[in-house]
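Have a look at the structure below before the remarks.
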Amino acid sequence: MTKELLEQYPDICAEIEELKAKDSAAVSDVVQASADEFPFNLHSVTVRGMPVQRYTEQIERLNAQKTEIEQFVFHLPNPTVRRIVMLRAWHGYSWDGVAAQMSKNGKSLSAQTLKKKYYGIFGK
């Protein structure tokens, strides 16, 4: 697991949602048609169809990356480090924000200490 991939987690989730929305959008168009019988008047007809699944392969690839990141985080042995990673990489908190969230448990950790623990998981 790389730090870059871990920090892309929010973007990967957002991209998956955007692609799913594009894939599920209904396809419709308005065309001109004439009546079947005389006087053959011209009128508009709405044509609807099933959406084309263009992004399925890309969604599957992004879901695989998302699962890989989640498995990595959930298998971290230290719950403190796991929370730091979730707050920083998943929720996008700044280091001061992570320190503020972590201090709610009664622990008062500095942003520098949190950074060392966070970057320590990539040094192994």
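Structure values in brief
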item	result
Residue ID - modelled with the highest pLDDT, chosen from residues in the range 1-34 that are closer than 30 Å to Trp90 by Cβ, more than 15 Å from the chain's Cα centre (by Cα) and not in a helix (DSSP H, G or I)	Thr2
Pick from the range 96-112, criterion assigned to a helix (DSSP H, G or I) and either under 21 Å from Phe74 (Cα atoms) or of a type in the set (A, V, I, L, M) (or both), ranking: modelled with the lowest pLDDT	Asn105
The range 19-55, residues that are under 30 Å from Val85 (Cα atoms) and surrounded by 12 or more Cβ atoms within 10 Å (Cβ to Cβ)	Leu19, Lys20, Tyr55
The range 56-66 - residue that is open to solvent by 90 Å² or more (accessible area, probe 1.4 Å) and under 28 Å from Ser28 (Cα atoms) and, of those, modelled with the highest pLDDT	Glu60
Positions within the range 71-86 being without any contact (Cβ under 8 Å) to a residue 40 or more places away in the chain and out of contact with any Leu (no Cβ under 9 Å at 6 or more places or on another chain), in sequence order	Gln71, Phe74, His75, Pro77, Asn78, Pro79, Arg83, Met86
Residue among Ser28, Ser103, Ser34, Ser44 that alone is among the small types (Gly, Ala, Ser) and touching a Gly at 6+ places or on another chain (Cβ under 9 Å)	Ser28
In the range 1-51, the residues that are polar (S, T, N, Q) and farther than 30 Å from His75 by Cα	Ser24, Ser28, Gln32, Ser34, Asn41, Ser44, Thr46
Check on Ala14, out of contact with any Pro (no Cβ under 8 Å at 6 or more places or on another chain), touching a residue at least 12 places away in the same chain (Cβ under 8 Å) and closer than 30 Å to Gly123 by Cα	no
Criterion violated by Gln71 - all others in (1) surrounded by 13 or more Cβ atoms within 10 Å (Cβ to Cβ); (2) within 30 Å of Gly123 (Cβ to Cβ) satisfied	(1)
Residue match in the range 77-94 (condition: open to solvent by 70 Å² or more (accessible area, probe 1.4 Å) and touching a Pro at 6+ places or on another chain (Cβ under 9 Å))	yes
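The values are calculated or read from the model by the stated rules, or taken from the named source; none is laboratory data. Just so we're clear, the structure is a prediction, and the values are computed from it rather than from any experiment. Neighbour counts run over all protein chains shown; Cβ positions are idealised from the backbone, glycine included. Side chains are part of the model used for accessible areas, which takes the heavy atoms of the whole protein and leaves out ligands, DNA and RNA. Shrake-Rupley method; radii C 1.70, N 1.55, O 1.52, S 1.80 Å.
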